[in-house]
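This report refers to the structure that appears directly beneath it.
Throughout, read-outs are computed from the coordinates displayed, never taken from laboratory work. Given the structure is predicted, the values throughout are model-derived calculations rather than measurements. Don't worry about glycine lacking a Cβ; one is built from the backbone with ideal geometry, like all the others, and counts go over all protein chains shown.
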Amino acid sequence: MSTLVKTHFANQSYLNGFFGKDLFHEFNTPAFSGSVPAVNVVESTEGFRIELAAPGLQKSDFKLNLEKNQLTISAQKEQKNEENNEKYTRKEFKYTSFQRTFTLPNSVDGDKIEANYAEGILYVALPKREEAKEKPAREIEIA
């Protein structure tokens, strides 16, 4: 085991003993980070797909709104932790929230947008309008 890894574990156990919890885990959870989730946008001939990485959330935490050509994806989650001992009560509240807005091209059919959440990733399918889909090349006969 390297010196860096040994030092990390030694420091982590010291902090865990002082605060009574796994601080390394706490600092690396989405609830603590306050950052905006990473997003991939993929285009195909049929449409676009947004993949938003948001582990630790549930499908009910998300809210998607479409207004004109603006798609807003947001999430909010509240976590409560209460510990009662003989001499004290400790309550901790954590809030996770973010909001991302995407300007959609006119080629997207807003009425057919679908979303699902699986294994920590929110998938949003943005199908193209029929008239915007790329048509295969064809030969035109002269009459």
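Quick rundown of the values:
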{"quantity": "Separation between Cα centres of segment 100-143 and segment 36-60, rounded to whole Å", "calculated": "15"}
{"quantity": "Separation of the GLN70 and THR101 label points, Cα + 7 Å toward Cβ, nm", "calculated": "0.3"}
{"quantity": "Candidate lysines - alpha carbon under 22 Å from LYS91, same-chain residues fewer than 8 apart omitted", "calculated": "LYS21, LYS77, LYS80"}
{"quantity": "Measure of compaction for segment 31-143 (Cα Rg per 2.2 N^0.38 Å)", "calculated": "1.58"}
{"quantity": "Those trypsin sites (Lys or Arg not before Pro) in segment 35-89 that DSSP places in a loop and that have at most 13 other beta carbons within 10 Å", "calculated": "LYS68, LYS87"}
{"quantity": "Unit Cα scatterers, Debye sum, segment 87-143: log10 I(q)/I(0) for q = 0.13, 0.19 Å⁻¹", "calculated": "-0.64, -0.91"}
{"quantity": "Over segment 31-83, relative contact order from alpha-carbon pairs under 8 Å, at least 6 apart, %", "calculated": "21"}
{"quantity": "Cross-link reach list, aspartates and glutamates versus LYS112, counting only Cα pairs under 13 Å and skipping chain neighbours closer than eight places", "calculated": "GLU46, GLU130"}
